[in-house]
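These notes are about the structure you will find just below.
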Amino acid sequence: MRTLRLLGLGWLLQMKMLWRSTFNTLLGVIYPLFFATVAFFMFQAGDDPKPLLYASLGAAVMGIWGTTSTAAGASLAQQRWHGTLELLVAAPASFALILLPTTIAMASIGIYSMASTLLWGWLVFGIELTIDSPLAFVLAIPATVVSIGALGFLLAVAFVRFRQAWALGNMLEYPVWLVSGFLVPLALFPGWVRPISWVLAPTWGINAIRDAALGGSAWPDIAVALALGAGYVGIGILLLNRALYAARSKATLALS
Amino acid sequence: MSYRALFGWLSPWVFIPSLLVAPVFQILLFVYIGRSAQLESDEFYVIGNAIQYAAIPCLFAMTHLIAGERFQQTLGYILITPAKRLPLFLGRALPVVANGFFVAAFALVVGGTIVGMEVPAGAWAPIALVTAVSAFSCTGLGFVNAGLGLVVRETAVLSNIIFGLLLVFTGANVPIDDLPGWMQAVSEVIPFTHGIEAVRQLVDGVPLADVWGLIGTEALIGVVYGAAGYALIRAMEVVGRRHATLDRA
């Protein structure tokens, strides 16, 4: 129960901080709209038989990853700049339980972006959101957010040794948009790309959301997304413990 | 010296992921969306996105180089010197143009190689010229961005929004003819539209002599934005002095 309370409070505190950030809220909402607009024009002008809703849902979920990748990459560096990293690491609570809700909150902010993209598609391009299975749709969204937040957690941990980790997180924005099939069916990629797509939770998240909206069984996709998210958290905790041990023994936590 | 001091992205840990790797993936993203939408050839997206990505170094660097002084609390010291403003700011813009050119050229070559784009051997030099002019043009817009950066606190947000607008309006990914009329009108007066079109024509084998009009228009747009940006920076300087807000960060 204490763990759940810590996760919940950590998420709420981070959400409050993110809500105050123009970069994470205003830009997080507006930036994916540019990509969505281009995609809508492209699908509208092209000969693709898929419904525009396919692109609209993909563009909407792009925002969740967009708000997570750079921010999660930079999350530990930000604690360094604020001078709070040492305090958090020294706190009695596990540092992983402090970092995990931080990155999940970053993904949660992406729901704004998702909503604004769907609204933009409806108002400007006349793309109506029809949902085949409302229950699965409603559950697929938090499952996607949590699994993408967990991927952000793994990134944050993996980039712990880099001062400019935000740039590495930023670099991964396009590749994940691409290989997760947000706007492009995975069948179009070379065979060697598909295993990469399969180990990315966003792939299953967008599949779940699309299946719930367009018809299809979303439940297996939700389950895989959550399982991958749990896997990211497990690997992240192992890496984090090793990184913290090394940082403590070499006195390099601050990196400065 | 100001460029190296104020544009922190020159560190390889930022330069390589943000200015070399990211544009290649932007190209691939739109190449694949284009294949899925069955709209244009791969070459169309490689050229459009490679040139358009020059906006990232041009917009962000100009903001770092001028508005960044404010965040470093050094703007007042710069503006109190008797140095003439025009060479002071133009000197800062030159490496920005060079960097914008390099980033776009790198993305064009690497992106083009990945998708197997064929370019006539004689077209490379004219393409380099157009790429440089496009980087110059966007640096002009970067001046405007830097001027706004003297009064806007969130310069990264502003730069990203301008980048997004350029992505939509320049025809980098959507043929200009497929945009609504008002968007076509906007696309005519912003950087990159004419540069992208010129490179596409050069790759298709059109001789340089036939795209001089596009190149000249692109350069003129850069001059107009540069002049407007310079005037904006000077105006912001006056406002900043009058209201003692130069260093308000």
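The values are calculated or read from the model by the stated rules, or taken from the named source; none is laboratory data. This one's a predicted model, so the numbers in the text were calculated from it and none came from an experiment. A quick note on method: Cβ atoms are made from the backbone with ideal geometry, for glycine too, and the neighbour counts reach across all protein chains shown. Only protein heavy atoms, including side chains, enter the accessible area calculation; ligands, DNA and RNA are left aside. Shrake-Rupley method; radii C 1.70, N 1.55, O 1.52, S 1.80 Å.
When A:123, B:141 are compared by accessible area of protein heavy atoms, the largest-first order is A:123, B:141, using a 1.4 Å probe. The value for region A:117-159 of Rg(Cα) / (2.2 N^0.38 Å) is 1.63.
Angle between the Cα long axis of helix B:22-37 and the longest principal axis of chain B, 0 to 90 degrees, nearest 10? Approximately 40 degrees, to the nearest ten.
Packing, taken as the mean count of other beta carbons within 10 Å per residue, orders the peptides A:234-242, B:61-69 from highest to lowest as B:61-69, A:234-242. Per-residue ellipticity at 222 nm, computed for chain A from helices alone with -39500 (n - 2.57) per DSSP H run of at least four residues, works out to -26000 deg cm²/dmol. Rg to Rh ratio, region A:185-256, alpha-carbon atoms and Kirkwood radius? Reported Rg/Rh (Cα atoms, Kirkwood Rh): 1.22. In region B:1-118, taking the dipole from charged Cβ atoms about the Cα centre, the farthest positive-side position among B:36, B:23, B:59 is held by B:59.
Only one residue of A:155, A:202, A:192 has its Cα farthest out toward the positive end of the dipole of region A:2-250, where Lys and Arg carry +1 and Asp and Glu -1 on Cβ, and that residue is A:155. With a 10 Å cut-off around each Cβ of A:155-167, the average count of Cβ atoms from other chains is 2. Basic side chains Lys and Arg get +1 at the Cβ, acidic Asp and Glu get -1 at the Cβ, and with that the dipole of region B:2-247 about its Cα centre reaches some 1220 debye.
Summed over both chains, the area buried between B and A is near 3300 Å², taken from the accessible surface of protein heavy atoms with a 1.4 Å probe.
Would you work out what percent of the accessible area of chain A, with all protein chains in place, is carbon or sulfur (probe 1.4 Å)? For chain A, the apolar C and S fraction of the accessible surface comes to 69 percent. Taking a probe of 1.4 angstrom, what is the accessible area of residue A:114 in Å², to the nearest 10? Probe radius 1.4 Å; accessible area of residue A:114 about 10 Å². Straight Cα distances below 17 angstrom link residue A:250 to the aspartates and glutamates A:86, with same-chain residues fewer than 8 positions distant left out. Using R0 = 35 Å, the C-beta based FRET efficiency linking residue A:123 and residue B:16 works out to 0.35. Between 0 and 90 degrees, the angle of helix B:85-115 with respect to the longest Cα principal axis of chain B falls at about 30 degrees. What the Cα atoms of region A:1-133 give is an Rg and a Dmax of 18.0, 59 Å. Excluding ligands, DNA and RNA, the accessible surface per residue across the protein assembly as shown is 41 Å² with a 1.4 Å probe. Take each residue of peptide B:173-181, count the partner chain Cβ atoms within 10 Å of its Cβ, and average: the result is 3. Picking from B:191, B:120, B:23, which is most flexible by a Gaussian network model of chain B using Cα springs under 10 Å? In the Gaussian network model the winner is B:120.
Quick one: Cα centre-to-centre distance for region A:179-256 and region B:2-75, in angstrom? Spelled out, the Cα-based centre of one part sits 26 Å from the other. Remark: C-alpha extents of region B:112-239 on the principal axes read 51, 30, 26 Å, sorted largest to smallest.
When B:178, A:211, B:204 are compared by accessible surface with a 1.4 Å probe, the order from highest to lowest is B:204, B:178, A:211. Share of pairwise Cα-Cα distances greater than 26 Å in chain A is 39 percent (whole percent). Please give the solvent-accessible surface of residue A:84 in Å², to the nearest 10, using a probe radius of 1.4 Å with every protein chain present. Roughly 40 Å² of residue A:84 is accessible to a 1.4 Å probe. Look at the stretch A:21-28: the mean tally of other chain Cβ atoms within 10 Å of its residues' Cβ atoms is 3. Rg and Dmax over the alpha-carbon atoms of the protein assembly as shown stand at 23.2, 74 Å. How large is the Rg to Rh ratio of chain B when both quantities use alpha carbon positions and Rh follows Kirkwood? A ratio of 0.99. Along the axis of the charge dipole computed for region A:2-250 (Cβ charges of +1 for Lys and Arg, -1 for Asp and Glu, origin at the Cα centre), the listed residues A:145, A:39, A:59 are led at the positive end by A:145.
Between the Cα long axis of helix A:201-214 and the first principal axis of chain A there is an angle of about 30°, rounded to the nearest 10.
Surface listing: A:131, A:141 arranged by accessible area from highest to lowest gives A:131, A:141, probe 1.4 Å.
The helix-based estimate of mean residue ellipticity at 222 nm for chain B, built from -39,500 (n - 2.57) per DSSP H run of four or more residues and divided by its residue count, is -23500 deg cm²/dmol to the nearest 500.
State the Cα centre-to-centre distance between region A:82-120 and region A:26-64 in whole Å. The two parts, judged by their Cα centres, are 26 Å apart. Here chain B has 68 percent of its accessible surface on carbon and sulfur atoms, given a 1.4 Å probe and all protein chains in place. When each of the peptides B:36-45, B:144-153 is scored by the mean number of other C-beta atoms lying within 10 Å of its residues, the order from highest to lowest reads B:144-153, B:36-45. If Lys and Arg each add +1 and Asp and Glu each add -1, what is the summed charge of the other residues whose beta carbon sits under 12 Å from the beta carbon of residue B:41? Overall, the nearby charge balance is -3.
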